[in-house]
Amino acid sequence: RTALQLGARTAHLPSPFAGCPPPTKRSSLSYCVLAFVSLFFNPKKRKLVFEAIKLTPLISMMSSSVVRAAAAASQTGTCSSGYRHLSRAALGIAAPTLGRRRRVMGAPLRPCVRRTAEALASDGTGADAGASIGAEAVAGIDPAAVGAPETVSATEVEAPNLVEAPSPVDNLQLMLQALMAENAALQTKLVELAPRTEDVTARPELARVREPLGPGELLTVVDSASIKWPTPEENPPFWTRRPAALPPAVADVCEQDPNPMHVVHVTAEMAPIAKVGGLGDVVTGLARAHLCAGHNVEVILPFYSSLNEGDVENLKHVMNFDVPKGKETEWDGVRETRMEMVSTSMHTGVIGGCNVILLKPAAKERSNIFVGGKIYGGSYNELEAYLYFCRAALECLRSSGRDPQVLHVHEWQCSAVAMLYWDLYFKEGMLKNAKVMLTIHNMDNTGECREEEFIATGMKGSLFNTLERAMDERTIGHNPERLCLLKGAIVYSNFVTTVSPTYAKEALNGGGGFLGKTLMKVSRKFGGVLNGVDTNLWDAAMDPVLPANFKPGSMAGKALCKKYLQSGLGMNVDSDKPLVVCISRLVPQKGIDLIRHAITHTKEQGGQFVLLGSGHSDPEFSAMAAVEYADDPDVKLLIFYSDPLSHLMYAAADMVLVPSMFEPCGLTQMIAMCYGALPVVRKTGGLADTVFDVDDAGVAEHLKNGFVFEGADHASMDRALDRGFEYYGAKKEWWASMQEKVMEVDNSWERAGQEYIRIYNVMQNAV
């Protein structure tokens, strides 16, 4: 109703439905019609959907027509009549628009239109009649004159002229005439208002508004003169600048799953606001892909104190509920277990377009769980915190009446969910619909847990401390023997995935360590699904962080991005120098020794190197940055992480180095390709599944997209880098064509999401 009133004020009409109750699903106007119509009246929603095409005048006309048709009927005092007219008008507008431009409406609205048509049909009018009346409303004809249940006198309300029902051809002619007339009137109005236009340079928030983009357009026009070139002295640094333009968030167009499911992810990370590594990107990307396909997706995440609440849309407190939690203490040789009920706060909101549930202890003074300045490494005991979180997630589902079909848990932090679900919540009938999937993102972290520590879940660890369940076999004969949470989740889950096919094979052939034996036992329910990249977040054509956007066929912006980064970091501004970028956690897995050597080797070969990252090896690289490369114009070592800066570096890079010792999947190499940078990778895990050497005669030509080396020694990596340096300098046209080629590789989450849905469906039939 608020949306309709906004529309009425815009059209200078009496507020429709002012005295009407909210519509019900049986009143012919289902909730989804209101959602549809609100897209016309709500400026934010309208921008999200419609600014992708140049139809602003048409939208304004549609808004007026819908409001007029609805207001004409509602003024009779019959609310249901007004709702019915509005539903028909909305459906009439939706049907042809969906047919002509599927991308405009997006996947979420198609089911709404379908359900609206069904509601109209059940009301005895038929979808065709609704579409016809809607079209007539667009043409400026009062639907009351062409067969509506109630008619309205022209004396009762200012309404469009009444005419006899025209033929379909006449309808189209009238629509065209009305559109042309309305467009001309609006253009005239714009001319009249022009002198009153404010200077947008004095209003930064207005400067961000731009003309709607057409299909295939770039967010920013490539223009070197209009770029404000940064300097290294800039404070705050240049990568924190406010974007000059914001992209239209056009709804994704996905194939709708005919059997939508309720999927709940339980995770310790979620991009963009609770991200440390690739886990956060995977959760958000997968959730959005499934949401686009019509599934009901929710993500349960700890409410870390480090989260900026302003980054969570529609954040609201839902309820507090009690979570059983125990703690075992020992005093003077006597062990004592204390149980308590921890009041837990449940908040809901939206992060990255996905519905989230945020959980934390309600009383700050009684607990420091999830309190700290960053996602991991706060003042709390992480093992205790995540065990409590696993129990809280299940208790939240039970207390809120949710009973999803899929519980998708991630990594060791959330592994206890699988164990508790089957041996407590399912067993006692508290939750009974879900099948459980575990995704292992990195087998380097297994979640070692002493038996007495497991009591943080409210259940004794002894129940799971057997070889058949969760006992860590490496501790057999130790005092005490310990649990492995990741092993427990492998045993208890209906299906186990890891994040690439090659990494799954490596896990079964020694790469999984002691867990390889457990995975072999359950190999029939274990497989690898290659991750995807969120192409909404990583899109060189629409990235608002970039000073100039680019795409295949229009690549001039990439050179400007390179110059922009060189200028801002105080480097030599030289397009002839190949720029190698490394964006990585500085941990042994990522090939610390190779990264260190690559810095030196790149400089020796006349190239430039920029490192962005942090981790265990921070002190070593910080020392290099402060001493050896303090004022080097060709090497910059940035020992921290910044998401906007990472976007700028990918866009500027000629090559992106990923020399991992092992890599379950890796997103870096896929993101690099989205920005026209050629990856240089060590052949392992997901890197082997996504990057194929340009000089490998055994690889099909259309797959070749980077430089690959197999050894873990300096010489192997040097040869791959040197080939890149050689081709960059001597094969300019080839290099330019490769940049465009790698940008067109399909590494989207839509592809990966379909495979997960296939497994979800298989799981539903599992015992």
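Summary of values
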quantity	calculated
Base-10 log of normalised Debye intensity for the stretch 397-483 (one unit scatterer per alpha-carbon) at q = 0.11, 0.13, 0.20 Å⁻¹	-0.34, -0.47, -1.02
Percentage relative contact order, the stretch 492-566, counting C-alpha pairs under 8 Å, at least six apart	24
Sparsely packed GluC sites (Glu not before Pro) within the stretch 218-265, loop by DSSP, other Cβ within 10 Å at most 10	Glu233
Set of lysines with alpha-carbon distance to Lys636 below 22 Å, sequence-local pairs under 8 removed	Lys228, Lys558, Lys562, Lys563, Lys577, Lys590, Lys603
Other-chain or far-sequence residues with amide H under 5 Å of Asp322's (modelled H)	Thr344
Relative contact order (percent, whole number), the stretch 608-736, Cα cutoff 8 Å, 6+ residue spacing	16
Candidate lysines for bridging to Lys316, where Cα separation is under 16 Å - those fewer than 8 sequence places away on the same chain excluded	Lys360
Net lengthening on full extension, Leu246/Asp722 (0.36 nm per residue, minus Cα-Cα)	167.5 nm
Nonlocal amide H pairs with Ser748, under 5 Å, H built at 1.01 Å	Val533
Ala363-Arg469 FRET efficiency (beta carbon distance; Förster radius 45 Å; 0.05 resolution)	0.85
Rule-of-thumb Rg ratio for the stretch 329-421 [Cα; 2.2 N^0.38 Å; N residues]	1.22
Net length gained if the chain between Met339 and Asp403 were fully extended (0.36 nm per residue, minus Cα distance)	20.4 nm
Accessible area (Å², 1.4 Å probe, nearest 10) - His347	30
Largest-first principal axis extents of the Cα set of the stretch 287-337 (Å)	57, 25, 20
Nearby lysines by direct alpha-carbon distance to Lys427 (threshold 18 angstrom, same-chain neighbours under 8 apart not counted)	Lys435, Lys460
Loop-located GluC sites (Glu not before Pro) in the stretch 353-456, at most 16 other Cβ atoms within 10 Å (DSSP)	Glu428
Whole-percent carbon and sulfur share, accessible surface of the stretch 238-280, 1.4 Å	57
P(r) of the stretch 682-767 over all Cα-Cα pairs, binned every 5 Å from zero, in whole percent	3, 12, 17, 19, 16, 11, 7, 6, 5, 3, 1, 0, 0
Convex hull (Cα only) mean projected area of the stretch 244-301, reported in nm² to one decimal	5.0
In order through the stretch 436-450: 3J(HN,Hα) via Karplus (6.51 cos²θ - 1.76 cosθ + 1.60), integer Hz, x for Gly, Pro	10, 10, 10, 10, 9, 8, 7, 7, 6, 10, 10, x, 6, 8, 6
Carbon plus sulfur fraction of accessible area for the stretch 604-672, probe 1.4 Å, in percent	55
Kirkwood Rh and Cα Rg combined as Rg over Rh, evaluated for the stretch 530-678	0.95
Vicinal HN-Hα couplings computed from phi for the stretch 617-630 (Karplus, 6.51 cos²θ - 1.76 cosθ + 1.60; Hz; Gly/Pro x)	8, 3, x, 4, 6, 5, 5, 4, 5, 7, 10, 5, 10, 4
Nearest-0.05 FRET efficiency for Trp735 and Arg524, computed from C-beta distance (R0 41 Å)	0.35
For Ile357, distant residues with modelled amide H under 5 Å away	Val299, Ile300, Leu301
All Cα pairs of the stretch 614-767, percent lying beyond 21 Å	55
Chymotrypsin sites (Phe, Trp or Tyr not before Pro) restricted to the stretch 597-673 and DSSP loop, no more than 10 other C-beta within 10 Å	Phe640
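The values are calculated or read from the model by the stated rules, or taken from the named source; none is laboratory data. From a predicted model like this one, the values you see are computed outputs, not experimental measurements. When we count neighbours, we look across all protein chains shown, and the Cβ atoms used for this are built from the backbone with ideal geometry, even at glycine. Areas reflect the complete protein model, heavy atoms only, side chains present, ligands, DNA and RNA absent. Shrake-Rupley method; radii C 1.70, N 1.55, O 1.52, S 1.80 Å.
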